[in-house]
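Nothing in this text is a laboratory measurement; each read-out follows from the coordinates by a stated rule. Because the structure is predicted, anything quoted here is derived from the model rather than measured. Positions of Cβ are backbone-derived with ideal geometry, glycine not excepted, and every protein chain shown enters the neighbour counts.
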Amino acid sequence: MKILVTGSAGHLSEAIMRCLEKTEHQAKGIDILNSPFTDSRGSIVDREYVAACLSGIDAVIHTATLHKPHVATHSRQDFVDTNITGTLNLLEEAVSAGVQRFVFTSTTSAFGAALAPAEGRPAAWITEDVQPIPKNIYGITKTAAEDLCQLFHRRNGLPCIVLRTSRFFLEEDDNAAVRACYADANAKANEFLFRRVDLEDAATAHLKALECAPDIGFDRYIISATTPFSENDLTALRTDAPRVVRERCPSYEPAYRKFGWRMVEGIDRVYVNEKARNDLGWTPTYDFAHIVEQLDAGAPIGSALARTVGIKRYHGTTFDEGPYPVD
């Protein structure tokens with residue numbers, strides 16, 4: 001297949017392009033920024049540019065987006081233009097060009113307020129059945145773009161798969177309290193329990209979705225590391241996460257002790273990837289147990305691919321208060 005990858009200068013798209021290099025497929029990367037993986041520079045907001053890029057294309061992996069880190073630096077209209085109009089341009093021109101499959105990168109941030117249970121309530125068990133309650137323009141535009149994908153499947157027969165990815169970037173946490181309490185790698189290791197996916201696993205999920213799209217037609221999937229928890233753990237996780245982790249993964253304590261790391265005291269949500277594993281045949285490598293094994297071996301946590309892609313940052317400006325301003 002000849003595959004168009006949008007946003008090719010970004011974290012996930014570079015990882016996807018690197019993975020595609022190892023396949024028989026031909027990949028074409030587009031972005032507004034130059035990069036080693038950008039074959040054509042332009043904006044998905046430009047309909048004529050999109051039409052030209054889709055000529056001869058069999059499949060689209062659409063990762064280009066304005067992200068949460070842009071909420072404080074870009075207007076709501078910017079988000080609508082890129083995340084909604086840009087996606088609409090791609091879908092309409094994909095249908096015109098005879099594209100056979102379309103994979104859209106969404107985000108677990110789309111769940112918004114559904115991720116925050118009330119005080120005293122158990123942690124939230126987040127599956128695809130949870131109704132999103134977007135809490136900012138980023139979440140609103142991503143859920144709108146998801147609905148456009150569903151519309152084009154229903155009205156035009158275009159196979160569209162939506163992947164709601166959890167955190168995969170290597171940038172520092174945007175929460176100052178987290179940065180103050182945990183070493184960066186410690187915070188990220190903790191997140192593999194409930195809200196993080198390794199970049200390599202996120203990339204392979206997109207390739208699996210591309211394979212399965214014609215048979216599935218349309219669906220949404222959570223892409224996150226496989227959690228060791230069950231629904232029976234949700235009450236205890238909210239107030240005493242270390243005890244639950246000891247029960248589920250007892251080897252973590254000596255591994256953490258070597259580095260002076262701490263387990264998070266409470267967990268408020270758990271992303272569940274069971275549907276993606278079952279439907280897409282996706283087998284993520286980097287769960288919390290694997291991270292602990294890497295620590296035991298004295299190895300860096302996560303994949304070599306994630307380290308190769310590295311930190312890109314979301315802005316050309318450096319901010320004193322964190323990796324990016326928080327709205």
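Measuring from each cysteine beta-carbon in the chain, the ones with no other cysteine beta-carbon under 4.7 angstrom are Cys19, Cys53, Cys181, Cys212, Cys249.
Take the cross-link list Lys208/Lys258; Lys135/Lys188; Lys28/Lys68; Lys68/Lys275; Lys22/Lys312; Lys2/Lys188 and give me the ones stretching past 31 Å between alpha-carbons. Cα-Cα > 31 Å for Lys208/Lys258; Lys2/Lys188; rest within. Amide H contacts under 5 Å for Ile133: Gly112, Ala113, Ala114, restricted to partners 5 or more places along the chain or on a different chain, H placed in the peptide plane at 1.01 Å from N. Please sort by residue number the trypsin sites (Lys or Arg not before Pro) in the stretch 215-268 whose DSSP state is loop and whose Cβ has at most 11 other Cβ atoms within 10 Å. The qualifying sites: there are none. In this rough spin-label picture, where each label sits 7 Å from Cα along the Cβ direction, the Val95-Met1 distance is 2.0 nm. The gain in end-to-end length when the Lys22 to Thr73 segment is fully stretched comes to 14.7 nm, 0.36 nm per residue minus the alpha carbon separation.
The trypsin sites (Lys or Arg not before Pro) found in the stretch 1-53 that occupy coil by DSSP, while having at most 14 further C-beta atoms within 10 Å, are Lys22. Of the residues Gly120, Ala27, Ala59, the one whose Cα sits farthest toward the positive end of the charge dipole of the chain, with +1 on the Cβ of Lys and Arg and -1 on the Cβ of Asp and Glu, is Gly120. Cβ-Cβ distance of Ala52 and Asn278, R₀ of 35 Å, FRET efficiency by 1/(1 + (r/R0)^6): the value works out to about 0.35. Close amide H contacts of Lys28 (hydrogens built in the peptide plane, cut-off under 5 Å, sequence separation of 5 or more or a different chain): Ile3, Leu4, Val5. 3J(HN,Hα) couplings calculated from phi for the stretch 259-270 with the Karplus curve 6.51 cos²θ - 1.76 cosθ + 1.60 (θ = phi - 60°) are, in sequence order, 9, x, 8, 10, 8, 4, 6, x, 10, 9, 8, 10 Hz; Gly and Pro show x. In order along the stretch 80-92, phi translates into HN-Hα couplings of 4, 4, 6, 7, 9, 5, x, 5, 4, 4, 5, 5, 5 Hz, rounded to whole numbers, per the Karplus curve 6.51 cos²θ - 1.76 cosθ + 1.60 with θ = phi - 60° and x for Gly and Pro.
Relative to the Cα centre, the charge distribution of the chain, modelled as +1 at Lys and Arg Cβ and -1 at Asp and Glu Cβ, gives a dipole magnitude of about 140 debye. In this rough spin-label picture, where each label sits 7 Å from Cα along the Cβ direction, the Arg248-Ser230 distance is 1.2 nm. Every helix of 4 or more DSSP H residues in the chain counts as -39500 (n - 2.57), and over all residues that averages to -11000 deg cm²/dmol at 222 nm.
Pair-distance distribution P(r) for the chain, from all Cα-Cα distances in 20 Å bins starting at 0: 32, 59, 10 percent. Restricting the stretch 70-164 to GluC sites (Glu not before Pro) that sit in a DSSP loop and have at most 11 other Cβ atoms within 10 Å of their own Cβ leaves Glu119.
Rounded to the nearest 20 debye, what is the charge dipole size of the stretch 116-181 about its Cα centre when +1 sits on each Lys and Arg Cβ and -1 on each Asp and Glu Cβ? Once rounded to the nearest 20, the dipole reads 240 debye. Cα centroid distance between the stretch 161-239 and the stretch 105-150, in Å? Computed from Cα coordinates, the inter-centre distance equals 14 Å. Under 5 Å from the amide H of Thr165 lie the amide H atoms of Ser106, Thr107, Thr108, Ile223, each residue being 5 or more positions distant or on a separate chain, with H modelled from the backbone and absent for Pro and chain starts.
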